[in-house]
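Okay, structure first, notes after.
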Amino acid sequence: MSDSRVASQIAAALRRERGARFLTQHELADLAGLSQSAVARVERGNRMPSIPLVERLFAALGLQLAVGVEPLESHLDARMTELASRPLTERIEDLGLDRVIERLGDLPHLLAGSTAALLQGAPVPVDAVDIAVRWRDSTRFTAWLRAAYGQRWNARWEEFGGLHLEPEEPGEHRWRTRYGEIRAQMCDELPESIEVRHGDRGYRVVPLLQVELTDPRAADLLRRHRQRQAADRDGGPPHPRQAARPDDGAGSAG
């Protein structure tokens, strides 16, 4: 269980409980004897807060923090089950994909990574719009990021901001913009693409096979999806050793 996931869970629980009591961050801060900025930092979930601070905030809501354990990454299986039950159009809307595509305008790009997998039917979690962009278009991409008030992910501080926007500069190719979060794969040439259609809109995407060859993060999710499908057919969960074994082939994510 990573700090970032625990921090996100704490943040979500605090936002939910505060909202259920119709309290603002300022009001909760007053009840807990803290500053509004302290409440905001915990609710952002970017980094793990101290346990005493978390206990103090929940105590102000008449609640206490409880600790539990679960099988490793069972949250991911539960998330994928929930995603599989939701209409694809709803997931596309939640991601804000169409808004990002429209704002990118004529910047040459393809939809890649987990976003491409999503559009090809895989119920994988997608927390940012994944795009492939050529290095030769880096200057245009940087100008777009500036116009979109982009902030780059700072892995050291686990928050957005404090790094140069340019993809050539050190750092992950991940930005938060006014239109949503974007993750870029910088490449010399855009890979071969296919078009998938949903509703009355077509999307140019990297095929699943290429996704698995070029995006380790998305490849892990797709392997887990197929292992879950196999387990459902066989009537049981995959063995942990089996789940960790690399696939011999790409297969379909649909």
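Restricting to the range 93-121, what's the tally of residues that are at pLDDT below 95 and of a type in the set (Val, Ile, Thr)?
So the answer is 0.
So the check is Cβ under 8 Å with 6+ separation or different chains; which pairs have a first residue in the range 189-216 that's under 19 Å from PRO87 (Cβ atoms) and a second one that's aromatic (Phe, Trp, Tyr)?
VAL196/TYR203; ARG197/TYR203
For the range 84-96, which residues satisfy the criterion of being of a type in the set (A, V, I, L, M) and touching a residue at least 60 places away in the same chain (Cβ under 8 Å)? Working first, answer last.
Kept after step one, since they are of a type in the set (A, V, I, L, M), are these residues of the range 84-96: 84, 88, 92, 95.
Of everything in the range 84-96, those that are of a type in the set (A, V, I, L, M) and touching a residue at least 60 places away in the same chain (Cβ under 8 Å) turn out to be LEU88, ILE92, LEU95.
Please go through the range 123-157 and give me each residue that is over 19 Å from the mean Cα position of the chain (by Cα) and among the charged types (D, E, K, R), ordered by number.
Hits for the range 123-157 are ARG134, ARG136, ASP137, ARG140, ARG146.
Inspect all residues belonging to the range 201-208 and state whether any of them is within 14 Å of the chain's Cα centre (by Cα) and surrounded by 15 or more Cβ atoms within 10 Å (Cβ to Cβ).
Here is the first cut: in the range 201-208, the residues within 14 Å of the chain's Cα centre (by Cα) are none.
So far as the range 201-208 goes, no, none of its residues is within 14 Å of the chain's Cα centre (by Cα) and surrounded by 15 or more Cβ atoms within 10 Å (Cβ to Cβ).
Residues of the range 31-53 being free of Cβ contacts under 8 Å to residues at least 12 places away in the same chain and either under 19 Å from the mean Cα position of the chain (by Cα) or surrounded by 15 or more Cβ atoms within 10 Å (Cβ to Cβ) (or both), which ones?
ARG41
Across the range 115-163, what is the total count of residues that are β-branched (Val, Ile, Thr) and in a helix (DSSP H, G or I)?
3
The values are calculated or read from the model by the stated rules, or taken from the named source; none is laboratory data. A quick note: this is a predicted structure, and the numbers were derived from the prediction, not measured. Positions of Cβ are generated from backbone atoms using ideal geometry, with glycine treated the same way; all protein chains shown enter the neighbour counts.
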